[in-house]
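Notes follow once the structure below has been shown.
Every number here is computed from the coordinates shown, using simple stated rules; none is lab data. What you see is a predicted model; the values in this text were computed from it and never measured. Cβ atoms come from the backbone with ideal geometry, glycine included; neighbour counts cover every protein chain shown.
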Amino acid sequence: MRAARLKPTTATSPVVRLTRLALGAAGVVGIAYGAGELLTHLKVWELVGLLGWLAGAVVLHDGVLVPLTTLAGGGLKRITFGLGALQQSIIRGALLCGAVMTLMVAPLLKARSVLQPGKPGGAANRTILDGAYGTRLALLWLGLAIVAAVAVAAVGLYGRRKVTKTRP
Amino acid sequence: MDRLTQKIQAGVDAAGARFASPLRSKRLTVVLGRWLGLAFTVCFATGLYSHFLQQPLPWMLFLPRPVWLYQLTQGVHVATGTAAIPLLLFKLWSVYAQLLGWPPIRSVLHALERATIAMLVAASLVELTTGLINTFDWYPWPFPFRTVHYWLAWVIVSSLALHIAVKLPIIREHWSRKPAAVGSGPEPQAQLETGAETVTLPAGAPEHAVSRRALLATVGITSAVAVGTTAGQSFRWLSAVNLFAPRQQDTGPAGVPVNRTAAQAGVSGTALAPGWTVTLTYQGRQRSLTLAQLRAMPQSTGRLPVACVDGWSQDAVWRGVKIVDLMTLMGAPANSDALVHSLEQAGAYGRSLLPAAYSQDPLTLLALELNGAPLDLDHGYPARIMAPGRPGVLQTKWVNRIQVLG
């Protein structure tokens, strides 16, 4: 569709209104279906546990994770003040990538320590969680640091050359 | 009272400004929302396929070919869910300022909308977190994983449909890049969203280094790293960079990973008992075969993947007796359904239904060997089912009875 056809005049076109109505109605029915089945399939304490996890997830994410990244982002801005926009983007990108991967590997490390084969209560299965995940995570951070450093340096060199060329 | 409200409002505005970033824009949210919506749709579709393979409705018909179909759909399910974790985190970040909008509730409709968004956010966070942790075979929560994962998925896609219906005008408005932003220069005005109002900042006021494109590149690269370093448990061409998946291909007895060990199933004693037989029943007739008798029957070899609901899979060469031959032996028609029982009595692994489409497939075996050696105890010794295109949970191990139905 061309942008001209998306102007506000068509915002109330019958197709859009019908689409919204259908999506909304399907959504409401689906929510009722899913929530209803959860209510019938789960025992009371399981439901309470699920509600606890749902609430905990929102509190952890909105109350801890995002404020922490905001703080870290502010601190980073002060440290990298002298760098160009692209260089700052590279550093920020590498840090975010590493942080998200750490967040995803953390439960893997925890599971490995809980389910260690041979431990009482641990899994008897040696074909799962059988990796040096901590070392690999450190290697990932090292790789990100190297890639980011090389990219920042390259941008610095390229940028300077460009500046000297365009200078009168 | 008025002064108090004003004070709260000023405080919330200050907090909003602290979290404000010119990077947060409706356009960014729409782009991330598109990616995340696609990921959720793929997860839901592949998840439904896996669910109904295990619990088919009476009218449903599943086909055993191609043999790698389930390996693909479930590998994609887990890989897409993995990619969705960074996508969800960045998508939620892009709308974080909305959380601090003031007043928190403007009308009944607004309250309802915020409630459904809270449900969508909470359910999505829990679904992806528990989905990831479940692949580690770790269950640190007080509810049954599969039930919650399945029904929560319905709540999520439905809330998503409702969310899209509510936001459709904004989505349409920002679907394509604005002409003003196409140029190489910075956007003339950066918009900060703080709930109801849109605060417009003059160009150049906030000196933020990271552009929207750089952020989108970061999101894309992070998702690619997350998938690339884990999907090697399902896709061989990625196994060299399989750093963070719970499974590695080519590990375990006979080079094939194990999902459930004999010790976990509590069958170590009965499976190794010298008097083991498999009992075939059909219409009141009954026949027991020893391992030696099974080995004396015509053996068939097939290359079939074992593909787990956890996403990992492994190609392997299986050798054993065709189920069709066992049907013939019992005088049953080839297109009969069969109920396969394990030495493991209880739970989802205790028995499986083998619909006719699978039981009559020449690749469906009562397997006695794996990769050229007798089955390892943990792979289902003395005999297990291997059928094409089915999840591992249905490839019943330690078989002791096959009940031909009809």
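State the answer as a single residue: which of A:I128, A:G156, B:Q98 lies farthest towards the positive end of the charge dipole of the protein assembly as shown, with beta carbon charges of +1 for Lys and Arg and -1 for Asp and Glu, about the Cα centre.
Highest projection toward the positive end goes to A:G156.
Pick out, from A:C97, A:L86, A:L54, the residue whose Cα sits farthest towards the positive end of the charge dipole of segment A:20-100, with +1 on the Cβ of Lys and Arg and -1 on the Cβ of Asp and Glu.
Most positive-ward Cα: A:L86.
State, in angstrom, two size descriptors of segment A:3-109 derived from its alpha carbons: Rg to one decimal place and Dmax to the nearest whole number.
22.4, 59
Which pairs break 24 Å Cα to Cα here: A:K43/B:K397; B:K91/B:K178; A:K77/B:K91; B:K7/B:K167? It would help to have the intermediate numbers written out before the result.
Working: A:K43/B:K397 31 Å; B:K91/B:K178 20 Å; A:K77/B:K91 22 Å; B:K7/B:K167 31 Å.
With Cα atoms farther than 24 Å apart: A:K43/B:K397; B:K7/B:K167.
Would you work out the charge dipole size for segment B:2-241 about its Cα centre, treating the Cβ of every Lys and Arg as +1 and the Cβ of every Asp and Glu as -1, and quote it to the nearest 20 debye? Please list the in-between numbers first.
Numbers: 19 positive and 10 negative charges, 70 e Å.
Result for segment B:2-241 is approximately 340 debye, rounded to the nearest 20.
Most mobile of B:A84, B:A348, B:A153 per a Gaussian network model of chain B (Cα springs, under 10 Å)?
B:A348
What's the average, rounded to a whole number, of partner chain beta-carbon atoms within 10 Å of each residue's beta-carbon in B:81-89?
Other-chain Cβ atoms within 10 Å of each residue's Cβ, averaged: 2.
Grab the eigenvalues of the alpha-carbon gyration tensor for segment B:214-342, scale each by 5, take roots, and send me the semi-axes largest first in whole angstrom.
41, 17, 14
Taking each residue of B:11-18 in turn, how many C-beta atoms of other protein chains fall within 10 Å of its C-beta, and what is the average?
For this peptide, the per-residue mean of nearby foreign Cβ atoms is 1.
Between beta-carbons, use under 13 Å as the cut-off and find the net charge around B:T251, counting Lys and Arg +1, Asp and Glu -1.
Spelling it out: positives minus negatives among the neighbours equals -2.
Would you mind working out the magnitude of the charge dipole of the protein assembly as shown relative to its Cα centre, with +1 at each Lys and Arg C-beta and -1 at each Asp and Glu C-beta, to the nearest 20 Debye? Write out the running numbers ahead of the final one.
Values: 51 positive and 24 negative charges, 363 e Å.
Charge dipole, the protein assembly as shown, about its Cα centre: 1740 debye, nearest 20.
Taking +1 at the Cβ of each Lys and Arg and -1 at the Cβ of each Asp and Glu, which of B:G350, B:S268, B:V78 sits farthest along the dipole of chain B towards its positive end, judged by Cα position relative to the Cα centre?
B:V78
Under the Kirkwood approximation for Rh and a Cα-based Rg, what ratio Rg/Rh is obtained for segment B:258-305?
Reported Rg/Rh, Kirkwood definition of Rh: 1.05.
Counting each DSSP H run of 4 or more residues in the protein assembly as shown as -39500 (n - 2.57), what helix-only mean residue ellipticity at 222 nm follows after dividing by all residues, to the nearest 500 deg cm²/dmol?
Rounded to the nearest 500, the figure is -17500 deg cm²/dmol.
How much space per residue, in cubic angstrom, does the convex hull of the C-alpha atoms of chain B take up?
176
What number comes out for the charge environment of B:V317, summing +1 per Lys or Arg and -1 per Asp or Glu over other residues with Cβ under 11 Å away?
Here the charged neighbours net out to 0.
Provide a whole-number value for the mean count of partner chain Cβ atoms within 10 Å of the Cβ atoms in peptide A:88-98. The partial results should precede the final answer.
On the way: counts 4, 8, 4, 2, 5, 8, 3, 1, 10, 9, 2.
Per residue, the average neighbour count from other chains is 5.
Can you pull the semi-axes for the protein assembly as shown, root of five times each eigenvalue of the Cα gyration tensor, sorted largest first, whole Å?
The answer is 51, 28, 22 Å, longest axis first.
How big is the Rg/Rh ratio for segment B:255-404, C-alpha atoms only, Rh by Kirkwood, two decimals?
Expressed as Rg/Rh, it is 0.92.
Please report, in debye to the nearest 20, how large the charge dipole of segment B:255-404 is about its Cα centre when each Lys and Arg carries +1 at its beta carbon and each Asp and Glu carries -1 there.
300
What number comes out for the charge environment of B:I85, summing +1 per Lys or Arg and -1 per Asp or Glu over other residues with Cβ under 14 Å away? Write out the running numbers ahead of the final one.
Numbers: positive: B:K91; negative: B:E127.
It works out to a net charge of 0.
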